[in-house]
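The values are calculated or read from the model by the stated rules, or taken from the named source; none is laboratory data. Because the structure is a prediction, the values reported are computed rather than measured. When we count neighbours, we look across all protein chains shown, and the Cβ atoms used for this are built from the backbone with ideal geometry, even at glycine.
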Amino acid sequence: MRAFQLRDAHVRPAYARDSSFVTTILLALLLALITTVLMAPPNTADAQDATVTPQSGNNCAAGEAIDGSTAEQAKAKLEAAGYANITGLNKGCDNVWHAQATSSGNPVNVMVSPDGAVNQETN
C-alpha cells in the first residue's frame, strides 16, 4: 500500500499534463487582449484644434471638400500681415478663414483665403 501512495504523490492533475489545455487558455487570453485593443475608441483629442469654432450646421454642400489648412496657419498669416489680438477663427465651406482682430488698435474683421491672401472684410 505504501508503494501505491508514493506513486500517486507524483501524479499531476490532468490540466497540468495536457499541453493543449494550456495552449487553449493562452490563445483565449491573447484573443481577448487583441479584441480589447481593437475595440478601444480612438484618441481624437488632437483631431481638431481647440481654437477653431465648431462648424455645426455649416450648410456645406455634400460634395464640398474642406482643405487641410489649420487655425495656426491662418493665425500666423494674419499676424504676419500686422493684425493682433486674433480671435474667433472660423473656417467656412469655401475654405476661407474668418476672424476678428485689431489693426492699429481698431477692431476689424479679417479673412485668409485658401491661397493665403489676407484681406480685411468690409461690412
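Okay, here's what the table says:
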| quantity | calculated |
| --- | --- |
| Residue within the stretch 29-52 that is closer than 18 Å to residue 94 by Cβ, modelled with pLDDT under 80 and exposed (fewer than 11 other Cβ atoms within 10 Å of the Cβ) present | no |
| Among residues of the stretch 70-93, those that are in contact with a strand residue (DSSP E or B) (Cβ under 7 Å, 6 or more places away or on another chain), of a type in the set (Ser, Thr, Tyr) and either farther than 17 Å from residue 104 by Cα or not assigned by TED's automatic domain parsing to the domain that holds residue 114 (or both), counted | 0 |
| Failed condition for residue 89, given (1) of a type in the set (A, V, I, L, M, F, W, C); (2) more than 23 Å from the chain's Cα centre (by Cα); (3) part of a strand (DSSP E or B) | (2) |
